[in-house]
1. Could you list all residues from region 42-59 that are modelled with pLDDT of 90 or more and either closer than 16 Å to residue 16 by Cα or touching a helix residue (DSSP H, G or I) at 6+ places or on another chain (Cβ under 7 Å) (or both)?
2. Across region 41-60, what is the number of residues that are free of Cβ contacts under 8 Å to residues at least 40 places away in the same chain and either surrounded by 11 or more Cβ atoms within 10 Å (Cβ to Cβ) or at positive phi (or both)?
3. In region 70-99, which residue that is not in a helix (DSSP H, G or I) and not β-branched (Val, Ile, Thr) is modelled with the lowest pLDDT?
4. Which of the residues belonging to region 81-90 are touching a residue at least 24 places away in the same chain (Cβ under 8 Å) and either under 22 Å from residue 17 (Cβ atoms) or in contact with a strand residue (DSSP E or B) (Cβ under 7 Å, 6 or more places away or on another chain) (or both)?
5. Could you list all residues from region 44-70 that are within 18 Å of residue 98 (Cα to Cα) and in contact with a strand residue (DSSP E or B) (Cβ under 8 Å, 6 or more places away or on another chain)?
6. Pick out the one residue from 66, 27 that is at pLDDT 90 or above and at negative phi.
7. Please work out if residue 19 is modelled with pLDDT under 95, not in a helix (DSSP H, G or I) and not charged (D, E, K, R).
8. If you check residue 63 against the conditions, is it surrounded by fewer than 14 Cβ atoms within 10 Å (Cβ to Cβ), assigned to a strand (DSSP E or B), of a type outside the set (Gly, Ala, Ser) and free of Cβ contacts under 8 Å to residues at least 60 places away in the same chain?
Amino acid sequence: MADDNDFGFALPAFDADNALLQLKRSLRDLKLSERGSGFELRGKAVVQLAVEGGVLNVKLARRPALTPEWDRQTLRSAADQRKLLDEVKRRLERWQRED
């Protein structure tokens with residue numbers, strides 16, 4: 001017998017390249033400046049992105065700095081992508097309050 005949560009279809013595979021494009025667009029909407037493979041806030045690195053082996057590797061700065069300390073995440077699904085974007089928004093708000 002099928003599991004009650006099985007609706008007879010599989011979730012779409014995670015497309016890291018498409019997720020990278022969507023994430024870049026969202027980060028630009030948050031007024032971050034794109035520079036190379038990363039994004040900056042007032043000239044200080046805050047996010048670095050890289051696609052490797054079908055996943056999206058992300059480095060998120062703990063605080064904006066020229067050479068920041070990084071928190072690393074690996075995005076393997078659209079849910080991970082949404083969580084990352086929410087975390088970026090929270091950190092941007094915190095950094096604005098602290099300035």
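1. Passing the criteria: 47, 48, 49, 50, 51, 52, 55, 56, 57, 58, 59.
2. The total comes to 13.
3. Per the criteria, the residue is 99.
4. 81, 84, 85, 87, 88, listed by residue number.
5. 44, 45, 46, 60, 61, 62, 64, 65, 66, 68, 69
6. Exactly one of 66, 27 is at pLDDT 90 or above and at negative phi, namely 27.
7. No.
8. Numbers: surrounded by fewer than 14 Cβ atoms within 10 Å (Cβ to Cβ): yes; assigned to a strand (DSSP E or B): yes; of a type outside the set (Gly, Ala, Ser): yes; free of Cβ contacts under 8 Å to residues at least 60 places away in the same chain: yes.
For residue 63, the condition - surrounded by fewer than 14 Cβ atoms within 10 Å (Cβ to Cβ), assigned to a strand (DSSP E or B), of a type outside the set (Gly, Ala, Ser) and free of Cβ contacts under 8 Å to residues at least 60 places away in the same chain - is met.
The values are calculated or read from the model by the stated rules, or taken from the named source; none is laboratory data. Every value quoted in this text rests on a predicted model; they were computed, and no experiment measured them. Please note: Cβ atoms are built from the backbone with ideal geometry, for glycine as well, and neighbour counts cover all protein chains shown.
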